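Visitor: Please find one structure pasted underneath; my questions will follow.
The values are calculated or read from the model by the stated rules, or taken from the named source; none is laboratory data. These numbers come from a predicted model, not from an experiment. Don't worry about glycine lacking a Cβ; one is built from the backbone with ideal geometry, like all the others, and counts go over all protein chains shown. These area figures cover heavy atoms from the full protein model, side chains too; ligands, DNA and RNA do not enter into them. Shrake-Rupley method; radii C 1.70, N 1.55, O 1.52, S 1.80 Å.
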Amino acid sequence: MKLKGAEIFIRALKQEGIQTVFGYPGGVLLDIYDELYRSDITHILVRHEQGAVHAADGYARASGKVGVVLVTSGPGATNTVTGIANAYLDSIPIVVFTGQVPTALIGTDAFQEADIVGITRPCTKHNFQVRRVDELARTIHEAFHIARSGRPGPVLVDLPKDVMQATTDYEPLPPKEEEPIPPPKPASGKALYVHDLIAESRRPVLLTGGGIVLGRASEELRQMARRTKMPVTSTLMGLGAFPASDPLWLGMPGMHGTYYANMALTNCDLLIAIGCRFDDRVTGSLETFARKAKKVHVDVDASSINKNVMVDVPIVQDCKEALRSFNKLLADQNFTVSYEDRREWFDMIEEWKRNVPLSYCPSDEVIKPQFVIETLCNLTKGKAIITTEVGQNQMWAAQFYKFDEPNMFISSGGLGTMGFGLPAAIGAQVAFPDKLVVDIAGDGSIQMNIQELATAVQYRIPVKVVVLNNGYLGMVRQWQELFYEKRYSQTDMTYAPDFVKVAEAYGTLGLRAMKPDEAAATLRKGLEHPGPVIMDFRVAREECVYPMVRPGGSIQEMTLGREMIN
Amino acid sequence: MEKQKKEHILSLLVNNKPDVLARVAGTLGGRGYNIDTLCVDATLDPKISKIILSVYQDQSAITKIEKQLLRLIDVHSVSELTETETVMREMMLVRMKLTEKNKADIALIIDTFRGRVVTMNGDSCVIEITGTKADVERAIESLKPLGIDDLARTGIVALERIK
């Protein structure tokens, strides 16, 4: 059957099971948009291409499926770069289709031409330019395969206009058959060794990361932790994979981690790290990080192992696969350990928890940002999908919202992209129209992609935005307070729009809370509203995120808030 | 020991496509590693190219480089070639100005390094010298005082002695 490139594009997407595309049209994409007009694929028209990528990213993180972006050439393509780099650092499977000028014009500085393949080479898992229409279908399928397999990541496919207009014979791929889940692989010699290490260990800790969420290994992790009675700490990217309500939970480690998670890491004699990459925000000084521990590291990406932290047992394997065979090994060996066996270790942890709990100074005068998140957590019973912007809002969300399930906490971990939260919330809400999706934002970062409010209003995507408004770029201000003698260079954001009026101008509901006793009512009203909402909480201006490890410092040396010091 | 920098030779099998060399170079350059020598051509299978490159780094950096290169979709394999298990050669073309005074010395050097004169144009000649990197560098040192006009080196090519 002879088809045009643009028709093949739509058919290949449908074969990949794609129902939703986040995009923005332009000159070289007219053929594709004409085909979209006739197809039943849902297209969400964003207001800026960066928003499209973050939305596809949020969609992917919430649903576990590949997110899809469609943008035009030149500025449309270059506007996606931040979003792509963001997905790359957090290993999120998305496919970004960029229009390109006709092949004959490539390299001539044609109107709206940009070498997007060259520009995105270091921030994509892989990228392609389709030069011939007969390569189109195969390239699209390969792009999806690369995005979702192994360590996932963003893939970009550049589509010159003439390739979309050319015709070729099109044979659809035979439909894929669902492969049955194979039984767990027999445990390797290394797994047997790890089994012995756990049996001998007196102070073991499990450190997990985004790999557990991406690898859908949350259930297997829970089984392993509960069977071995190992306390669990998880990086920002892995929050929710292990339930915060479980007694084995230690909270997040690292720069703004809990005191007890950092102390447990520092004092453990066995560290089993699964699906994480030992980011500097987690380890602090590498010289002092978990130096008493034998270290085991499981990751699907060999390049993550022995990159920052040298380990005793490197295991290059998919997290889920590794945990399944390990759990089977534990079952076959009838491995049992009781809380009583680990009494000494749990007593130590309990004491750390008692001495320095995660807390803040409550106030009747001024709204504490942590109080807003705690109240939000209570009102939503911890069941909302939470996206965040970047900075203090993000750290308080990670600390004070208690996640019991994976894919519920959606945050820009690696790149730290301000402006991520709102479009990501839109993407997550598109994936789950019936769930409550809340973006926890700051007054700085919400302004970075606030235009996407129009997208939310147009498609009736009822995301709730909680702005913790302190009139500062709070995290930078915090560093200036602590390390630069309060010289607040360029961090005052007092000149901000009235967020209630902004919401109203976009045609939706805006609410404001000035005092602590208004906070709960504002949240309740906002969460119950059927459409998108911006809630502006005027919070304590100079609140800091604690505990805090100095950049480059040892994680057991934490600066604590007043309230944490007994 | 791990921290000691030395020359490491990596041999890569990659897809023979535009962009692939840029990906490989970017993977090293983006992390601050310089490619000292580079040699690329198609293998017996025209769809696959072999890249042989040398990097002056310590062993732990080389291990990281190898792993990062293997993440590239277009890279099929990366192996480090060691001197004992590999034959390594480099070729150099060097153009000399000939004078009555230096002719005999140049002929002696060509003989010593088992080189040959590829072409001769009036008072100018191009000499080809093949050998280990050290041989080539010694030849340059010997020829320098005699007046090198210009030179070009291939960088290292290397092949395992046995499979």
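Visitor: Looking at the range A:363-383, which of the residues that are free of Cβ contacts under 8 Å to residues at least 60 places away in the same chain and part of a loop (DSSP other than H, G, I, E, B) is least open to solvent (accessible area, probe 1.4 Å)?
Guide: So the residue we want is A:383.
Visitor: Ok, one more. What number of residues in the range A:312-330 are within 22 Å of residue A:91 (Cα to Cα) and free of Cβ contacts under 8 Å to residues at least 40 places away in the same chain?
Guide: Result for the range A:312-330: 3.
Visitor: Go through the range A:418-431 and give me each residue that's open to solvent by 10 Å² or more (accessible area, probe 1.4 Å) and over 15 Å from residue A:66 (Cα atoms).
Guide: Listed by number, the list holds a single entry, A:418.
Visitor: Restricting attention to the range B:42-85, report how many residues are β-branched (Val, Ile, Thr), within 11 Å of chain A (Cβ to nearest Cβ) and farther than 23 Å from residue B:18 by Cα.
Guide: 1
Visitor: Oh, and also: Give the range A:156-173 a look and list any residue that's open to solvent by 10 Å² or more (accessible area, probe 1.4 Å) and acidic (Asp, Glu), or say none.
Guide: A:162, A:169, A:171 - these are the residues of the range A:156-173 that are open to solvent by 10 Å² or more (accessible area, probe 1.4 Å) and acidic (Asp, Glu).
Visitor: Does residue A:538 satisfy the condition of being surrounded by fewer than 22 Cβ atoms within 10 Å (Cβ to Cβ), in a strand (DSSP E or B) and touching a Ser or Thr at 6+ places or on another chain (Cβ under 9 Å)?
Guide: no
Visitor: Having 3 or more residues that are within 25 Å of residue B:156 (Cα to Cα) and either of a type in the set (Ser, Thr, Tyr) or within 18 Å of the chain's Cα centre (by Cα) (or both) is the bar; report the strands (runs of 3 or more DSSP E) wholly within the range B:83-136 that clear it.
Guide: Correct list: B:86-97, B:124-131.
For every residue, the table says whether it meets (1) among the aliphatic types (A, V, I, L, M); (2) within 23 Å of residue A:375 (Cβ to Cβ).
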residue: A:433; (1), (2): no, no
residue: A:441; (1), (2): yes, yes
residue: A:446; (1), (2): yes, yes
residue: A:454; (1), (2): yes, no
residue: A:457; (1), (2): yes, no
residue: A:462; (1), (2): no, yes
residue: A:466; (1), (2): yes, yes
residue: A:470; (1), (2): no, yes
residue: A:474; (1), (2): no, yes
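Visitor: Tell me the residue from B:54, B:11 that is on the phi < 0 side of the Ramachandran plot, in a strand (DSSP E or B), modelled with pLDDT of 95 or more and in contact with an Asp or Glu (Cβ under 6 Å, 6 or more places away or on another chain), please.
Guide: It is B:54.
Visitor: When residues of the range A:196-238 are filtered for being open to solvent by 10 Å² or more (accessible area, probe 1.4 Å), under 13 Å from residue A:405 (Cα atoms) and assigned to a loop (DSSP other than H, G, I, E, B), how many remain?
Guide: 1
Visitor: Go over the candidates B:27, B:37 one by one and state the one that is of a type in the set (S, T, N, Q), closer than 19 Å to residue B:155 by Cβ and under 18 Å from the mean Cα position of the chain (by Cα).
Guide: Just one listed residue meets the conditions, B:37.
Visitor: Can you report the number of residues in the range A:123-159 which are polar (S, T, N, Q) and more than 13 Å from chain B (Cβ to nearest Cβ)?
Guide: Residues flagged as polar (S, T, N, Q) and more than 13 Å from chain B (Cβ to nearest Cβ) within the range A:123-159 amount to 0.
Visitor: Right, something else. Give B:6, B:17 a once-over and let me know the one that is of a type in the set (Lys, Arg), open to solvent by 60 Å² or more (accessible area, probe 1.4 Å) and away from chain A (no Cβ under 11 Å).
Guide: Criteria check complete, one pass: B:6.
Visitor: Of all residues in the range A:476-505, which are of a type in the set (Phe, Trp, Tyr), more than 21 Å from residue A:449 (Cβ to Cβ) and in a loop (DSSP other than H, G, I, E, B)?
Guide: Answer for the range A:476-505, where residues must be of a type in the set (Phe, Trp, Tyr), more than 21 Å from residue A:449 (Cβ to Cβ) and in a loop (DSSP other than H, G, I, E, B): A:484, A:488.
Visitor: Which is in contact with a Cys (Cβ under 8 Å, 6 or more places away or on another chain) and charged (D, E, K, R), of A:312, A:347, A:299, A:341?
Guide: Just one listed residue meets the conditions, A:299.
Visitor: Still on this structure, I have one more. Conditions: (1) touching a helix residue (DSSP H, G or I) at 6+ places or on another chain (Cβ under 8 Å); (2) under 30 Å from residue A:260 (Cα atoms); (3) not in a helix (DSSP H, G or I). Residue A:398 meets all but one. Number of the miss?
Guide: Only one criterion is unmet by residue A:398, namely (3).
Yes/no per residue for (1) outside the structural domain of residue A:246 (by TED's automatic domain parsing); (2) touching a helix residue (DSSP H, G or I) at 6+ places or on another chain (Cβ under 8 Å); (3) among the β-branched types (Val, Ile, Thr):
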site	(1), (2), (3)
A:155	yes, yes, yes
A:182	yes, no, no
A:195	no, yes, no
A:202	no, yes, no
A:205	no, yes, yes
A:216	no, yes, no
A:221	no, yes, no
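Visitor: Shifting gears a bit: Do you know which residues across the range B:72-97 are over 19 Å from residue B:162 (Cβ atoms), touching a residue at least 40 places away in the same chain (Cβ under 8 Å) and open to solvent by 40 Å² or more (accessible area, probe 1.4 Å)?
Guide: Across the range B:72-97, the qualifying residues are B:76, B:91, B:93, B:95, B:97.
Visitor: I want to confirm something. Restricting to the range A:105-122 and keeping residues that are more than 10 Å from chain B (Cβ to nearest Cβ) and touching a helix residue (DSSP H, G or I) at 6+ places or on another chain (Cβ under 6 Å), which single residue is surrounded by the fewest Cβ atoms within 10 Å (Cβ to Cβ)?
Guide: A:114
Visitor: List, please: which pairs have Cβ atoms under 6 Å, are six or more places apart or on different chains, and start with a residue in the range A:280-295 that is among the β-branched types (Val, Ile, Thr) and end with one that is outside any loop (DSSP other than H, G, I, E, B) and open to solvent by less than 20 Å² (accessible area, probe 1.4 Å)?
Guide: Close Cβ pairs (under 6 Å, with a partner that is outside any loop (DSSP other than H, G, I, E, B) and open to solvent by less than 20 Å² (accessible area, probe 1.4 Å)) amount to A:288/A:554.
Visitor: Something else about it: Identify the single condition in (1) in contact with a helix residue (DSSP H, G or I) (Cβ under 6 Å, 6 or more places away or on another chain); (2) surrounded by 24 or more Cβ atoms within 10 Å (Cβ to Cβ) that residue A:85 does not satisfy, given that it satisfies every other one.
Guide: The number of the failed condition is (2).
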